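Okay, structure first, notes after.
The values are calculated or read from the model by the stated rules, or taken from the named source; none is laboratory data. Values in this document were obtained by computation on a predicted structure and should not be read as measured data. Here the Cβ positions follow ideal geometry from the backbone for every residue, glycine too, while neighbour counts run over all protein chains shown. Side chains are part of the model used for accessible areas, which takes the heavy atoms of the whole protein and leaves out ligands, DNA and RNA. Shrake-Rupley method; radii C 1.70, N 1.55, O 1.52, S 1.80 Å.
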Amino acid sequence: MAATGAAGGFRTVEPLEYYRRFLKENCRPDGRGLGEFRTTTVNIGSITTADGSALVKLGNTTVVCGIKAEFAAPPGDANNKGYIVPNVDLPPLCSTRFRPGPPGEEAQAASQFIADVIENSQIVQKEDLCIADGKIVWVLYCDIICLDYDGNLLDACVCALLAALRNVQLPVVTINEETGLAEVNLKEKLPFTVRKQPVATSFVLFDSLVIVDPTAEEEDLSTGMLTIVTDEEGKLCSVYKPGGSALTEAKLQDCISRATTRQKEVNKLMDKVVKSIKPI
């Protein structure tokens, strides 16, 4: 008991040195290896009022994504394209580091990251959201809310978005030729087509070491962060590195390779969960 108390005190006073002692043994305080991910769980369809939803847990980090579909006029420069609008919310309930009020810097950065992933990966073809060319399109509002923050937010957000999109079912809409108004058949719904399946894999840097799936404490102590997004074809969709220490080309290639492997693992998990849900 005394030894445990002393270790806890050392961790509080010298957290970086505490971590480095573990890293020298190629392990982490939570028992994981440097390249080991936390347990990942995915549940879909849990929000009955949404058109598509998913709950993702990555260790303690918990994120829920709910998608609502609404009508909108198409953009002026693309009469046959709809919209997909992501928003990441980091409420105070998920961590003491976040405060009430308008979105903070981290929430805004996460929302922009998700928007970039959607655009770069082509996860959704905006033409698929067109109902009547030049008249009416779908807009998908993708609200991603963090319920428990313990690091690696971006991986969890991308996973929740993909799972929720794969759960989306849109009602059949027809345009009345006489009135020109849209008529919605809520009894007949069709699954939405997800074109690509991007998966994010995040790393933190500790001096010369690269560590996957960081906790919040590891993110705070690290000297740099890196997030790589790949799709099912191994295509590189995004490389996001918000400052920090430099990374050699060899280590970057190793991270890309690990991200490709991770994509396959998450994709396999997602397929299993989607197949287990009976269609409405």
What does the helix-only formula give at 222 nm for the chain: each DSSP H stretch with n ≥ 4 adding -39500 (n - 2.57), the total divided by the residues, and the result rounded to the nearest 500 deg cm²/dmol?
-10000 deg cm²/dmol
For a 21 Å ceiling on Cα separation, which of these pairs sit above it: Lys126/Lys189; Lys81/Lys272; Lys196/Lys268; Lys196/Lys235; Lys68/Lys189?
Lys81/Lys272
Estimated vicinal HN-Hα couplings, Hz - segment 194-205 in sequence order (Karplus 6.51, -1.76, 1.60; Gly, Pro = x):
9, 7, 10, 10, x, 10, 9, 10, 10, 9, 10, 10
Per residue, in Å², the accessible surface of the chain once ligands and nucleic acids are set aside, probe 1.4 Å:
51 Å²
Just how large is the dipole of the chain about the Cα centre, in debye to the nearest 20, putting +1 at every Lys and Arg Cβ and -1 at every Asp and Glu Cβ?
720 debye
Part-to-part distance (alpha-carbon centres) for segment 201-280 and segment 119-146, which is given in Å
25 Å
Figure the gain on full extension for Val239 and Gln108 (residue separation times 0.36 nm, minus the Cα-Cα span) and round it to one decimal in nm.
45.4 nm
Expressed as a rounded percentage, what relative contact order does the chain have, with Cα pairs under 8 Å and six or more residues apart?
18 percent
Using only the alpha carbons of segment 134-253, determine the length spanned along each of the three principal axes and report them from longest to shortest in whole angstroms.
68, 31, 21
Within 10 Å of each candidate Cβ there may be at most 15 other Cβ atoms; applying that plus a DSSP loop requirement, which trypsin sites (Lys or Arg not before Pro) in segment 199-259 survive?
Lys235
Average projected area of the Cα convex hull of segment 113-162, in nm²?
4.1 nm²
Evaluate E = 1/(1 + (r/R0)^6) for Ala72 and Asp220, where r is the Cβ-Cβ distance and R0 equals 35 Å; express this FRET efficiency to the nearest 0.05.
0.30
In nm, the gap between the two label points placed 7 Å beyond Cα toward Cβ at Asp133 and Ser46 is 4.2 nm
Gain in span if fully extended, Val184 to Lys251, counting 0.36 nm per residue against the direct Cα distance
18.9 nm
What percent do you get for the relative contact order of segment 146-280 when only Cα pairs under 8 Å and 6+ apart count?
21 percent
How far apart, in nm, are the 7 Å Cα→Cβ label points at Glu119 and Glu177?
4.0 nm
Heavy-atom accessible surface of the chain: percent carbon and sulfur, 1.4 Å:
52 percent
Working out 0.36 nm times the residue gap between Glu265 and Asn87, then minus their Cα-Cα distance, what length gain in nm do you get to one decimal?
61.5 nm
Excluding Phe206 itself, calculate the net charge of residues whose Cβ lies under 9 Å from the Cβ of Phe206, where each Lys or Arg counts +1 and each Asp or Glu counts -1.
-1
